[in-house]
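Read the structure below first, then the notes.
Every number in this text was worked out from the coordinates using simple rules, so none of it is lab data. In this text, all values refer to a predicted model and were calculated from it rather than measured experimentally. No Cβ is skipped: glycine too gets one built from the backbone with ideal geometry, and neighbour counts run over all protein chains shown.
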Amino acid sequence: MRTYVLVATVFFDLLTVVQLVRLFLRWPVFVAGVSIPLWVSGVAALIVGSLEIAGMLVLVRNRVPRAAVYRGVEAAGAIVKEAIAVERPFTSR
């Protein structure tokens, strides 16, 4: 069960980061030709972020080795740095 919680927590962490990056960089998203508003990413970040926090609490209470948690956080940080370094194809002027 620890592995499942760890994988789910890292996945929720990555989803939160992606939603926040979309929100701050104002990336447009279209689903079936319909533009998804930016506020949806804010709500999604809150929901997924709360699931990530819940997973971290479970990991801490079950004493998962900290090195595994830190590896997940470092991976998320690397993805954010890479996403910010990518040149934005859409710029608002």
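Taken along the Cα-to-beta-carbon direction at a fixed 7 Å, the label points for F24 and V60 span 2.3 nm. Rounded to the nearest Hz, the phi-derived 3J(HN,Hα) couplings of the stretch 56-61 under the Karplus curve 6.51 cos²θ - 1.76 cosθ + 1.60 (θ = phi - 60°) are 5, 5, 5, 4, 5, 5, where x marks glycine and proline. FRET efficiency for the pair T3 and S35, taken as 1/(1 + (r/R0)^6) with r the Cβ-Cβ distance and R0 = 41 Å, rounds to 0.60.
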